[in-house]
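Enquirer: Here's a structure for you.
The values are calculated or read from the model by the stated rules, or taken from the named source; none is laboratory data. Values in this document were obtained by computation on a predicted structure and should not be read as measured data. Here Cβ is always computed from backbone atoms with ideal geometry, including for glycine, and neighbour counts include all displayed protein chains. Side chains included, ligands, DNA and RNA excluded: accessible areas come from the protein's heavy atoms. Shrake-Rupley method; radii C 1.70, N 1.55, O 1.52, S 1.80 Å.
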Amino acid sequence: MLHGRWTRFRSDQRGITGLETAIILIAFVVVASVFAYTILSAGIFSAEKGKEAIHAGLSTARSSMQLSGPVLARDTDSDNQVEQLLFTISNSLRGAPLNLTPTVDADADGFLSDEAVKSHSMVITFIDQNQYVTDIAWTATQIGKGDGDTLMETGERFELLVDLTGISPAVDENDTFVLEIKPAKGSSVTLERTIPGRVDDVMNLR
C-alpha cells in the first residue's frame, strides 16, 4: 500500500506544469523579440542605404550641365585649320554649382596635363580618328548675369574656349571629332561635330 501511494505521488506533477509553461512562454517571447529586433535593424539599415543611394543620384543629376547655344569653330590665323572651339554651358537643373576654376596654360602648348600646378577640376578630352587627347587647355568666361566667381551656379552661364593648337594632326575640313567635358562632380557632356568642307574663320558646327 505504501508503495502504491508513493507511485501516485511521483506521477502527480500538476504543481510544476504552470511553471514549465511560463518558462516556455518566456523563452518564446525572448526569441521572438531578438528575431524582431534583427529584422527591424536590417530594415532600417537597408532603408538608410537606399536613402543614401537616392541622395547620391540626385546630387549627381543636380550637378550636371548642358550646352546652351551653338558650337563655334575658329580658324584664328587663316591656315585652313581649326585652332579654337567656342560654346556656352549652363546648369541643366537647379542644383549644386559647378567648379570652373581654370589652370593657366603657362607654356601655351594647348595642354593642361603637363602643367606643374593644376587648379582645374573639370577635364576636357578630344577624340578623333587619329588621336585621344586628355586634359587639353580651356578657359571659362562668365556671360550675362552672375556674381563674378568661377562657380557656375543657378541661372549663370559660362562661355568655354577650348584650345586645339596642340592637336596633331590638326583639325581641318571634313574632320569629325568628339569633345568630352567632364566636371569633377556630375555627368559629362559629349559633343560630336564635323568640320565643313571649307574652313572659314568662324563656323557654326552641326
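Enquirer: Provide the per residue accessible area, probe 1.4 Å, for the stretch 64-195, rounded to a whole number of square angstrom.
Expert: Value for the stretch 64-195: 47 Å² per residue.
Enquirer: Further question on the same structure: Can you give the accessible area of V104 in Å² (nearest 10), computed on protein heavy atoms with a 1.4 Å probe?
Expert: Ignoring ligands and nucleic acids, V104 comes out at about 120 Å².
Enquirer: Return the distance in nm (one decimal) between the two label points of a simple spin-label model at S121 and I143, each offset 7 Å from Cα along Cα→Cβ.
Expert: 2.5 nm
Enquirer: So for the pair A36, V202, with labels modelled 7 Å out along Cα→Cβ, what separation do we get in nm?
Expert: Going from the A36 label point to the V202 one covers 7.4 nm.
Enquirer: Under 20 Å from a point 7 Å along the Cα-to-Cβ line of D114: which residues of the stretch 136-174 have their amide N that close?
Expert: Answer for this model: 136-139, 162-171.
Enquirer: Okay, next question. How much length is gained on full extension from E180 to S168, taking 0.36 nm per residue of separation minus their Cα-Cα distance?
Expert: Between E180 and S168, full extension yields an extra 2.6 nm.
Enquirer: Please give me, ordered by residue number, the trypsin sites (Lys or Arg not before Pro) of the stretch 73-138 that lie in loop per DSSP and have at most 10 other Cβ atoms within 10 Å.
Expert: R94
Enquirer: Taking R0 as 41 Å, what FRET efficiency do you get between L151 and T76 from their Cβ-Cβ distance, rounded to the nearest 0.05?
Expert: Result of the calculation: an efficiency of 0.90.
Enquirer: Taking all protein chains as present, what is the carbon and sulfur share of the accessible area of the stretch 55-206, in % to the nearest whole number, probe 1.4 Å?
Expert: Reported share for carbon and sulfur atoms: 49 percent.
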